[in-house]
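Single-structure report; data block below.
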Amino acid sequence: MELVLTAKVKIVPTEEQHTMLQQTLQAYREGCNYLSGVIYTTKNLIQARLHTTTYRYLRETFGLRSQMAQSVIKTVIARYKSMMENGHDWTKVGFKKPELDLVWNRDYSLGHGVFSVNTLAGRVKVPFVTKGMEHYFDGTWKFGTAKVVYKHGKFFLHIPMTKHIEETEWEHINEIVGVDMGMNFLVTTYDSHGKVWFVKGRHVKDKRAHYKQLRRHLQQRQTASARRRLKKIGQRETRWMTDVNHQVSKALVERYGANALYVLEDLTGVREATEKVRKRHRYESVSWAYDQLRQMIEYKAIKLQSKVIAVDPCYTSQTCPKCGHIEKANRDKKHHRFTCKNCHYRSNDDRIGGMNLHRKGIEYLVAVTTSA
């Protein structure tokens, strides 16, 4: 199967190169906004026709090089098509962020720690940082159309990378891991050897509560500086939570290695469910990055030739794994305890969730291998 990831690489230009890149990103953004106005007025999304009517104007007015002008057309068309596919009304698309789309081996190339890129003033070679990402440059990954992004006074290169991964056959699965995700424990796993692994989440919960309190204080001030501070805090919290999810997912898949089957809860409707909780706890519940953590577990498991399935989460924390009795009263959410009202089996409620997910994984694997 084909595994597609996006590598985010920091590039380190000189002062002169920094200016050249800024000018190029600005011209590209202006070109996108011009073309967006044309498409909004004409409702024309045919690339050949837009090329005929706008290509020369893009080059002469904004100073774009040939490939850049063509990339502008493709970028804007893709944005409008995406808007339509998502069911939005026909509105004018605006380009506010300084970004630049680059075609591999035409607009950019990578080699020996140097990023070679086309600018308005010609091609420049910029050093880039590969710390922690060396494995993406070992020659086994194919590079796609990249994007140069300017954030917080720094330049980053977002590169979509594709690699063929040999998919593990179902009959080679030798470990089933039930993965229960939550807030008090980020993940609780139960494996085929009956072992349990807890990743504590209390420190994460406390830090998010701190951000919530700080955000509330700034919102009450209603000043321009407070609004700027709010934006920075939101970005900082997002980066921090992403890093936490990276660490947890990496530790999880490295713990069990290859030929494992990870059984996760399908938390597609978690937002609607958590919006029913008490108002003072709603921020921590609704904004929890479950989907991001799940995606990270999925692609990291695939890289190690393992599999991931998502199952219905209903009753996973209310079902007794010993006798199968289902009752809401089995679980004491406040004290994180599970006590079966039928057979009186007791355990931690998150551990029970992992055990039931592990059981569902066994049932799924038996059904797949039997049908095969």
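The values are calculated or read from the model by the stated rules, or taken from the named source; none is laboratory data. The shown structure was predicted, so the numbers you read here are calculated from the model rather than taken from an experiment. As a convention, Cβ positions derive from the backbone with ideal geometry for all residues, glycine included, and neighbour counts pool all protein chains shown. Please note that ligands, DNA and RNA were not included when accessible areas were found on the heavy atoms of the full protein model with its side chains. Shrake-Rupley method; radii C 1.70, N 1.55, O 1.52, S 1.80 Å.
Report whether or not Arg294 is more than 22 Å from Ser192 (Cα to Cα), at pLDDT below 95 and open to solvent by 40 Å² or more (accessible area, probe 1.4 Å).
no
Being part of a loop (DSSP other than H, G, I, E, B) and free of Cβ contacts under 8 Å to residues at least 60 places away in the same chain is the filter; apply it to region 258-270 and report the residue that is surrounded by the fewest Cβ atoms within 10 Å (Cβ to Cβ).
Checked region 258-270; the qualifying residue surrounded by the fewest Cβ atoms within 10 Å (Cβ to Cβ) is Gly269.
Hey, among the residues in region 1-49 that are of a type in the set (A, V, I, L, M, F, W, C) and part of a strand (DSSP E or B), which one's modelled with the highest pLDDT?
The qualifying residue modelled with the highest pLDDT is Ile11.
Tell me which residues, restricted to region 183-229, are closer than 29 Å to Ser317 by Cβ, open to solvent by 60 Å² or more (accessible area, probe 1.4 Å) and either hydrophobic (A, V, I, L, M, F, W, C) or at pLDDT below 85 (or both).
Scanning region 183-229 gives a single hit, Phe198.
Give the residues of region 333-358 that are basic (Lys, Arg) and buried (at least 18 other Cβ atoms within 10 Å of the Cβ), sorted by residue number.
Once the filter is applied, which keeps residues that are basic (Lys, Arg) and buried (at least 18 other Cβ atoms within 10 Å of the Cβ), region 333-358 yields only Arg351.
Among the residues in region 131-140, are any closer than 30 Å to Gly201 by Cα, open to solvent by less than 60 Å² (accessible area, probe 1.4 Å), of a type outside the set (A, V, I, L, M, F, W, C) and within 22 Å of the chain's Cα centre (by Cα)?
yes
Within region 77-93, is there a residue that is surrounded by 14 or more Cβ atoms within 10 Å (Cβ to Cβ) and among the polar types (S, T, N, Q)?
No: zero hits.
From the residues in region 320-332 that are part of a strand (DSSP E or B) and in contact (Cβ under 8 Å) with a residue 12 or more places away in the chain, which one is surrounded by the most Cβ atoms within 10 Å (Cβ to Cβ)?
If we take residues in region 320-332 being part of a strand (DSSP E or B) and in contact (Cβ under 8 Å) with a residue 12 or more places away in the chain, then Arg331 is surrounded by the most Cβ atoms within 10 Å (Cβ to Cβ).
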